[in-house]
Amino acid sequence: MKCTLCPRNCGVDRKEKTGFCSAPDCIIVARASKHMWEEPPISGKSGSGTIFFSHCNLKCVYCQNYKISAEGFGKDITVEDLSRIMLSLQNDGAANINLVSPTPYTHLISEAVRSCKDELKIPIIWNTGGYEKAQTIRDLNGIVDVFLTDMKYISSDLASEYSNAKDYPIHAVSALHAMLETVGKEEYSPDGMIRKGVIVRHLVLPSHRDESIKVLELLKNKFGTEDYSLSLMRQYYPCYMAEKYPKINRTVTSYEFQKVSEYAEKLGFHGFYQEKGSEKESYTPAFDLSGIV
């Protein structure tokens with residue numbers, strides 16, 4: 001198969017060589033466990049059944065998961081293994097199946113979900129950096145219940161500098177349109193857990209408060225504020241290659257985050273706002289093959 005799953009359109013046969021993301025023609029996973037540090041309607045009281053996939057179609061210089069996204073740590077598993085892992089997380093009481101950076105494995109994940117769909121009774125969450133093709137998202141109709149997507153930038157220059165994806169803004173917007181069309185408005189269970197819908201995440205970067213304001217305005221103007229939730233994150237801390245970029249080689253100040261969150265409230269967004277203290281490395285999971293081996 002010539003891979004065209006994401007906007008990179010590498011067109012490589014991954015059985016012979018890899019493209020931009022470095023993912024081979026098999027599934028690579030670094031961890032599968034219940035995770036308590038997602039948004040409240042995702043983690044809940046029992047935890048989100050989170051599966052961390054290795055490799056990524058973005059190369060964010062500040063990635064907190066760089067050990068798996070850039071360095072590729074993980075273990076090869078089969079489609080059958082992935083189905084078994086999802087059912088095991090469900091049996092362990094996970095509130096949902098949370099697929100983190102799944103895009104390079106879209107075709108294999110779809111196969112795994114279909115093979116155990118009759119047994120899988122909890123929602124499937126597509127946890128993505130937002131650099132998606134609209135058609136790939138539409139092809140997930142009937143597979144994915146919730147899209148948890150980033151809207152990182154509106155500036156092509158910043159997208160190029162920090163994520164090596166100059167065309168990120170146009171694809172992230174197109175993909176979000178497709179997500180809303182595919183799963184519709186949010187639906188919650190009586191205990192407040194999300195069953196269907198879209199949550200849009202935005203990570204506030206240091207020195208780029210104005211960019212965050214522009215992202216919020218874009219979301220408001222193109223999508224309104226009613227059909228999805230906004231998750232405004234302040235968990236940024238400098239890691240991976242951030243020390244090479246002076247503007248982002250620090251944490252976000254309280255003033256920066258306050259101004260962005262106040263503007264989000266002014267625009268009428270509903271959703272979630274991370275508290276001070278979330279910008280710690282200790283909140284990044286240990287990628288130790290838990291739940292895999």
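Every number in this text was worked out from the coordinates using simple rules, so none of it is lab data. Note that the structure is predicted; figures quoted are calculated from it, not measured. Backbone-built Cβ (ideal geometry, glycine too); neighbour counts: all protein chains shown.
Order 72-82, 144-154 from most to least packed using the mean count of other Cβ atoms within 10 Å. Please list the in-between numbers first.
On the way: 72-82: 17.1, 144-154: 24.2.
So the peptides 72-82, 144-154, ranked by packing, come out 144-154, 72-82.
Considering only Leu180, Ile77, Gly130, the residue lying farthest towards the positive end of the dipole of the range 27-283 is Gly130, judged by Cα position with unit charges set on Cβ. When you count the other C-beta atoms within 10 angstrom of each residue and take the mean per peptide, 31-38, 251-258 line up highest first as 31-38, 251-258. For the chain, adding -39500 (n - 2.57) for each run of n ≥ 4 DSSP H residues and dividing by the number of residues yields -9000 deg cm²/dmol at 222 nm.
Kirkwood analysis of the range 210-293, using all unique Cα-Cα pairs, places the hydrodynamic radius at 14.8 Å. For a straight C-alpha distance cut-off of 25 angstrom, the lysines reachable from Lys196 (same-chain residues fewer than eight places away being disregarded) are Lys34, Lys45, Lys117, Lys121, Lys133, Lys152, Lys185, Lys220, Lys222.
With only Lys, Arg, Asp and Glu charged, each at its Cβ (+1 for the first two, -1 for the last two), find how big the charge dipole of the chain is about the Cα centre; round to the nearest 20 debye.
Working: 35 positive and 37 negative charges, 78 e Å.
Dipole about the Cα centre, nearest 20: 380 debye.
For a protection proxy built on the mean count of beta-carbon atoms within 10 angstrom, sort 84-96, 213-225 highest first, please. Please list the in-between numbers first.
Values: 84-96: 18.8, 213-225: 16.3.
Top to bottom by mean Cβ count within 10 Å: 84-96, 213-225.
When the charge dipole of the range 221-289 is built from unit charges on Cβ atoms (+1 for Lys and Arg, -1 for Asp and Glu) and taken about the Cα centre, the candidate among Tyr240, His270, Thr225 whose Cα reaches farthest toward its positive end is Tyr240.
First measure r as the distance between the Cβ atoms of Lys276 and Glu187, then evaluate 1/(1 + (r/R0)^6) with R0 = 41 Å and state the FRET efficiency to the nearest 0.05. Intermediate values should be presented prior to the final figure.
Details: r = 31 Å, r/R0 = 0.76.
For R0 = 41 Å, the calculated efficiency reads 0.85.
For the range 27-283, relative contact order (Cα pairs under 8 Å, six or more residues apart, normalised by length) works out to 16 percent.
Using 0.36 nm times the number of residues separating Glu16 and Arg138, minus their current alpha carbon distance, what extension gain do you get?
On the way: separation 122, 0.36 × 122 = 43.92 nm, distance 2.77 nm.
Gain on stretching Glu16 to Arg138: 41.2 nm.
Projecting each Cα onto the charge dipole of the range 1-157 (Lys/Arg +1, Asp/Glu -1 at the beta carbon, about the Cα centre), which of Ile143, Val29, Ile97 comes out farthest on the positive side? Of the candidates, Val29 comes out farthest on the positive side.
Computed over the alpha-carbon pairs of the chain, the distance histogram in 5 Å steps reads 1, 6, 12, 17, 20, 19, 14, 8, 3, 0, 0 percent, short to long. The Cys residues in the chain with no partner Cys Cβ within less than 4.7 Å of their Cβ are Cys3, Cys6, Cys10, Cys21, Cys26, Cys56, Cys116, Cys239.
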